[in-house]
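FYI, it's all coordinate maths here, none of it is from the lab. These figures come from a predicted structure and were not determined experimentally. Virtual Cβ from ideal backbone geometry, glycine too; neighbours counted across all protein chains shown.
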Amino acid sequence: EFENVRSDRGAVAEYDDLLDRVLHSIQDSLKPSLAMIHGYCLGGGVEIALACDLRYCGQSAQFGIPAAKLGLGYNIEGHKR
């Protein structure tokens, strides 16, 4: 998956734009959003959870950004909230 969406600068920009639109649609929704997290919450799941208004985590919740181990960066805008 990462090879396809990050194959060149254009593909990275297209992927980042799509992800930004998805996350902003959650953030800008007139209805409150809620992330209920049990077990692993990884990568895009972390970004989706951060876009929500409320996050409830069970005791088993564990967070991670596995792409960082591959040397792939994440758009900081998604983590500012």
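Structure notes:
- Long-range HN-HN contacts of Cys57 with modeled amide H, under 5 Å: Ile37
- For Arg6, Arg21, the sequence from fewest to most other C-beta atoms within 10 Å is Arg21, Arg6.
- The Stokes-Einstein estimate for the chain, based on a Kirkwood radius over Cα pairs and taken at 25 °C with 0.890 mPa s viscosity, is a diffusion coefficient of 180 µm²/s.
- For the chain, with +1 on Lys and Arg beta carbons and -1 on Asp and Glu, the positive-most of Ala68, Gly58, Val12 along the dipole: Gly58
- On Cα atoms only, tilt of 9-27 relative to the major axis of the chain in degrees: 20 degrees
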